[in-house]
Amino acid sequence: MRITTPLITTAFAAAALLASPGSATAAPASSASASALLPVASLAADRLATADLVAAAKWGTDSPIDDPAREQQVLDSVAAQAEQIGADPDEIRTVFRDQIEANKTVQRALFRRWTAHPDEAPTTKPDLSVVRQTINRINTGLVTALADTTPDRSSVGCRPELALAVVEVHHEKHPDPLHTAALVRSLASVCR
């Protein structure tokens, strides 16, 4: 059997999640708990997929990748949503800071790629307001998924379960190495 680069990337991603602080005493993952964390990983991957569209919308414009005002709007919005459903708004803010940083990691990498290979640069610009509507919809789903998985995210087996969820998301969505690494980054604060 030949081991492919995507498989290696996924294995490294899973290992990175397992190597995160607090995982040394983690118990083996149960399929019920892994299923509970799959929506979190899947929505995080969906959110990262929008980074390509955001980058394309900003490419060749004066719009910076770092947008502190927009980032604060997102953090305030998800914190308010968390409060409405009884989740910890500070915890949700922390997870979403990771989501935002992972998204910017993808955007920066795409800008570097497009600068080095102009023939790969986007030739059309998506409407950023439409892309942000998609991001807002995903954010709402992710806040709910995080709230719904609070017990799973507090368990000693969270990191291995999350690693399994990343492997499953990779199997379902086939992200490239950049998006796989960013997915791991986006999930850094999911486990308590």
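The values are calculated or read from the model by the stated rules, or taken from the named source; none is laboratory data. All values reported here derive from a predicted model rather than from experimental measurement. Cβ: placed from backbone, ideal geometry, glycine included. Neighbour counts: every protein chain shown. Just so you know, the surface numbers come from the protein's heavy atoms only, side chains and all, with ligands and any DNA or RNA stripped out. Shrake-Rupley method; radii C 1.70, N 1.55, O 1.52, S 1.80 Å.
Quick one: which of Asp98, Asp119 is out of contact with any Phe, Trp or Tyr (no Cβ under 8 Å at 6 or more places or on another chain), loosely packed, with under 15 Cβ neighbours inside 10 Å and among the acidic types (Asp, Glu)? Sole residue among the options that is out of contact with any Phe, Trp or Tyr (no Cβ under 8 Å at 6 or more places or on another chain), loosely packed, with under 15 Cβ neighbours inside 10 Å and among the acidic types (Asp, Glu): Asp119. Can you name the residue in the stretch 137-192 that is of a type in the set (Ser, Thr, Tyr) and over 19 Å from Pro89 (Cβ atoms) and, of all such residues, is nearest to the chain's Cα centre (by Cα)? Filtering first and then ranking leaves Thr180. For the stretch 36-60, a residue qualifies if it is modelled with pLDDT under 95 and more than 17 Å from the chain's Cα centre (by Cα), and exactly one does: Gly60. Within the option set Thr124, Thr140, being in contact (Cβ under 8 Å) with a residue 24 or more places away in the chain, outside any helix (DSSP H, G or I), surrounded by fewer than 17 Cβ atoms within 10 Å (Cβ to Cβ) and out of contact with any Lys or Arg (no Cβ under 7 Å at 6 or more places or on another chain) holds for one residue only, Thr124.
For Glu101, the criteria (1) within 15 Å of the chain's Cα centre (by Cα); (2) at pLDDT 95 or above; (3) within 16 Å of Asp46 (Cβ to Cβ) hold in every case but one, which is (3). Can you spot a residue in the stretch 158-167 that is in a helix (DSSP H, G or I), more than 17 Å from Phe96 (Cα to Cα), open to solvent by less than 10 Å² (accessible area, probe 1.4 Å) and among the small types (Gly, Ala, Ser)? So far as the stretch 158-167 goes, yes, one or more of its residues are in a helix (DSSP H, G or I), more than 17 Å from Phe96 (Cα to Cα), open to solvent by less than 10 Å² (accessible area, probe 1.4 Å) and among the small types (Gly, Ala, Ser). Confirm whether Ala147 is in a helix (DSSP H, G or I), open to solvent by 10 Å² or more (accessible area, probe 1.4 Å) and either modelled with pLDDT of 95 or more or small (Gly, Ala, Ser) (or both). Yes. Within the stretch 55-70, the set of residues being open to solvent by 50 Å² or more (accessible area, probe 1.4 Å), of a type in the set (Asp, Glu) and without any contact (Cβ under 8 Å) to a residue 12 or more places away in the chain comprises just one member, Asp62. Checking each residue in the stretch 102-121 for being more than 22 Å from Leu75 (Cα to Cα) and in contact (Cβ under 8 Å) with a residue 24 or more places away in the chain picks out Ala109, Leu110, Phe111, Trp114, Ala121.
Restricting to the stretch 71-87, name every residue that is surrounded by 15 or more Cβ atoms within 10 Å (Cβ to Cβ) and touching a residue at least 40 places away in the same chain (Cβ under 8 Å). Those that are surrounded by 15 or more Cβ atoms within 10 Å (Cβ to Cβ) and touching a residue at least 40 places away in the same chain (Cβ under 8 Å): Val74, Ser77, Val78, Gln81, Ala82, Ala87. Within the stretch 8-26, can one find any residue that is modelled with pLDDT under 95, open to solvent by less than 40 Å² (accessible area, probe 1.4 Å) and β-branched (Val, Ile, Thr)? Yes, that holds for at least one residue.
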